[in-house]
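Everything on this sheet refers to the single structure shown next.
The values are calculated or read from the model by the stated rules, or taken from the named source; none is laboratory data. Note that the structure is predicted; figures quoted are calculated from it, not measured. Because the Cβ atoms are built from the backbone with ideal geometry, glycine has one as well, and the counts that use them run over all protein chains shown. These area figures cover heavy atoms from the full protein model, side chains too; ligands, DNA and RNA do not enter into them. Shrake-Rupley method; radii C 1.70, N 1.55, O 1.52, S 1.80 Å.
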Amino acid sequence: MSFGILGLGGHVPPLVIDNAQVAEWTGAQESWIVERTGVLERRYREPGTVTSDLALHAAREALGSLPEAVARLGVMVVATSTPDQPQPSTGAILQNKLGLSDVPAFDVNAVCSGFLYALAVADSMLSARLAGQGGDHALVVGTDMYSSLMNRSDRRTVSLFGDGAGAVLLGPVPDGYGVLGWRLVAHGEHRELVEVPAGGTRTPLDARSREAGEHLFRMRGREVREYALGVLPKVIGEALDSAGVRLEDVDRFILHQANTRLVEACTRELGVDPARVPLTAPRFGNTATASIPLTLHAENALRPFRRGERLVLAGVGGGMTAGAVVVRWY
């Protein structure tokens, strides 16, 4: 039995942060922001909203696509690098908000690659349960709230990131459809390219670390770009090989929306038609692990996926991490 995407959900908070606001915070010109990032606006949480609240909206929409699947859920996996709190998991908190007690629920953190990791984990767990152990559906959620981590004086990062959540309902589909193959990698030797230094056991979140800004997000943008352009085509090629699909046979590429310019550069590196690579970065910015399921949701609303379409979901994240998942739509 194969497992495929049977439902989609997406949510962004209503507060729009446009480039005029970012320019006011940073002193950067609006024209610079557009030229360097291609991001026109991003969404920020409203006061009192937490990461699991965003996830709840997306999860309910995905589950609403097939209400009878709720009773057959075998696992919930939440991908996030901005959890509600250090513990318990945001997955457990979301499970409670959904009223789905007893369903296994946990978090995965691979930063912006997290949704891909979570999707591969869920697919593997469902496949392992074919002997009759547990349910045959999974809820996979990518949710992040990077507005809580932004240094609003740093034009290189605050111009990029926004908040959001996306979700998919995974369930049985006929052989030849669903998840056909995937490839995940991590390169911890590059872990300092993307980080929040304080808040763990290495650097406590105290007055000194706050004064130094170590509780805020940091990224070496140029090196991240080089990593993405070098690694992403490789993992996509390996995932396609595992799925037995050729690059030219892929109908649409759902790439992590790091920023518009990087998605465009990755598209050129892959040598594919930009019409096959949807963009949500101009409207939502980089929503971290939410960006791939959010883009799936937005693209399906704009141009619904047809049965038999071949999709590649791919991206890179802090760690450094990268991944690609090949799906044939059912």
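Summary of computed values
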| read-out | value |
| --- | --- |
| Amide proton proximity set for Thr82, modelled H, under 5 Å, gap of 5+ | Met145 |
| Sequence-distant residues sharing a close amide H with Gly135 (under 5 Å, placed H) | Gly74 |
| Descending semi-axes in whole angstrom, ellipsoid equivalent of the stretch 136-294, from the Cα gyration tensor | 31, 19, 16 |
| Order of exposure, largest accessible area first, which applies to Thr49, Thr295 with probe 1.4 Å | Thr49, Thr295 |
| Kirkwood hydrodynamic radius of the stretch 116-173, from inverse mean 1/r over distinct Cα pairs, in Å | 13.8 |
| Values of log10 I(q)/I(0), in the order q = 0.17, 0.19, 0.24, 0.29 Å⁻¹, for the stretch 190-247 under a Debye, Cα-only, solvent-free model | -0.68, -0.73, -0.89, -1.05 |
| Sequence-distant residues sharing a close amide H with Leu180 (under 5 Å, placed H) | Val326, Val327, Arg328 |
| Charge sum, other residues only, whose C-beta stays under 15 Å from Asn96's C-beta, Lys/Arg counted +1 and Asp/Glu -1 | -2 |
| Percent antiparallel among DSSP beta bridges (both partners in the chain, rounded to 5) | 70 |
| Accessible surface of the chain [probe 1.4 Å, protein heavy atoms]: carbon and sulfur percent | 48 |
| The chain: relative contact order in percent, alpha carbon pairs under 8 Å with at least 6 residues between | 27 |
| Spatial extent of the stretch 1-108: Rg and Dmax, with the Cα atoms as the point set, Å | 17.8, 55 |
| Relative contact order for the stretch 165-219, counting Cα pairs under 8 Å that sit 6 or more residues apart, in percent | 31 |
| Prolate/oblate/rounded label for the stretch 255-330 (Cα gyration tensor, a/c 1.5) | rounded |
| Table column - 3J(HN,Hα) (Hz), the stretch 319-328, Karplus curve with 6.51, -1.76, 1.60, x for Gly and Pro | x, 6, 10, 7, x, 8, 10, 9, 10, 10 |
| In order through the stretch 68-84: 3J(HN,Hα) via Karplus (6.51 cos²θ - 1.76 cosθ + 1.60), integer Hz, x for Gly, Pro | 5, 6, 4, 6, 10, 5, x, 6, 10, 10, 10, 9, 7, 10, 10, x, 4 |
| ³J(HN,Hα) computed for each position of the stretch 242-256 - Karplus, 6.51 cos²θ - 1.76 cosθ + 1.60, integer Hz, glycine/proline x | 5, 8, x, 10, 8, 4, 5, 8, 6, 7, 8, 10, 9, 9, 4 |
| Probe 1.4 Å, accessible area per residue of the chain, Å² | 42 |
| Option label - volume of the Cα convex hull per residue in Å³ computed here, alternatives [x] 142; [y] 130; [z] 119 | [y] |
| Over the stretch 1-60, equivalent-ellipsoid semi-axes from the Cα gyration tensor in Å | 32, 17, 7 |
